[in-house]
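To start, the structure under review is shown below, and the notes come after it.
The values are calculated or read from the model by the stated rules, or taken from the named source; none is laboratory data. All values derive from a computational prediction rather than experimental measurement. Neighbour counts run over all protein chains shown; Cβ positions are idealised from the backbone, glycine included.
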Amino acid sequence: DIQNNAKILGHLDFVNAKAKMAHDTKATLPLLSQAGQVVLKKARHPLIDPKKAVSNDIKLGQDYHAIVITGPNTGGKTITLKTLGLIQLMGQSGMFIPAAEGSTIA
């Protein structure tokens, strides 16, 4: 009984942690694309302070199948790529994503 209760409490703690993170980051439920399309609206890196983070719109899989990001060495390109990767993994893990309502992941 104790092991079963520990398993149930662990699961409830995990669900509560996901809900708290979603609330704190103003995350939304992503739509799922069977066609492999990614449409992120106002996507923000989940680990950067929301007051400092710059949101980006990222679209892949419909009109574009590749992305080229250019510019000076100020860190924005790397953060954009990491944001895309982290948000995709968050969605695949059943978490809400730090992007605007109606965002889609593959």
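Here's a check for you: in segment 42-76, which residue that is among the polar types (S, T, N, Q) and more than 17 Å from the chain's Cα centre (by Cα) is nearest to Met21 (Cα to Cα)?
So the residue we want is Thr74.
Quick test of your reading of the structure: Lys52 fulfils all but one of (1) out of contact with any strand residue (DSSP E or B) (no Cβ under 9 Å at 6 or more places or on another chain); (2) surrounded by 14 or more Cβ atoms within 10 Å (Cβ to Cβ). Name the failing condition by number.
Looking at each condition in turn, Lys52 falls short on (2).
Are any residues in segment 26-54 among the hydroxyl-bearing types (Ser, Thr, Tyr) and either over 13 Å from Pro98 (Cα atoms) or free of Cβ contacts under 8 Å to residues at least 24 places away in the same chain (or both), and if so, which ones?
Ser33
Among residues belonging to segment 61-93 that are surrounded by 16 or more Cβ atoms within 10 Å (Cβ to Cβ) and in contact (Cβ under 8 Å) with a residue 40 or more places away in the chain, point out the one that is farthest from Ala106 (Cα to Cα).
Filtering first and then ranking leaves Thr83.
State the number of residues belonging to segment 43-59 that are part of a strand (DSSP E or B) and hydrophobic (A, V, I, L, M, F, W, C). Even if it seems obvious, please write down each step before you answer.
Residues of segment 43-59 that are part of a strand (DSSP E or B), as a first pass: 43, 56-59.
In the following step, the residues that additionally are hydrophobic (A, V, I, L, M, F, W, C) were identified as 43, 58.
Qualifying residue count, segment 43-59: 2.
If Gly102 satisfies all but one of (1) in a helix (DSSP H, G or I); (2) surrounded by fewer than 17 Cβ atoms within 10 Å (Cβ to Cβ); (3) touching a strand residue (DSSP E or B) at 6+ places or on another chain (Cβ under 9 Å), what's the number of the condition it fails?
The failed condition is (1).
Suppose we filter segment 67-85 for residues that are assigned to a loop (DSSP other than H, G, I, E, B) and either modelled with pLDDT of 85 or more or farther than 16 Å from Val39 by Cα (or both); how many remain?
8
Among the residues of segment 9-42, count how many are at pLDDT below 90 and assigned to a strand (DSSP E or B).
The total comes to 0.
Of all residues in segment 14-49, how many are touching a strand residue (DSSP E or B) at 6+ places or on another chain (Cβ under 9 Å) and of a type in the set (Lys, Arg)?
3
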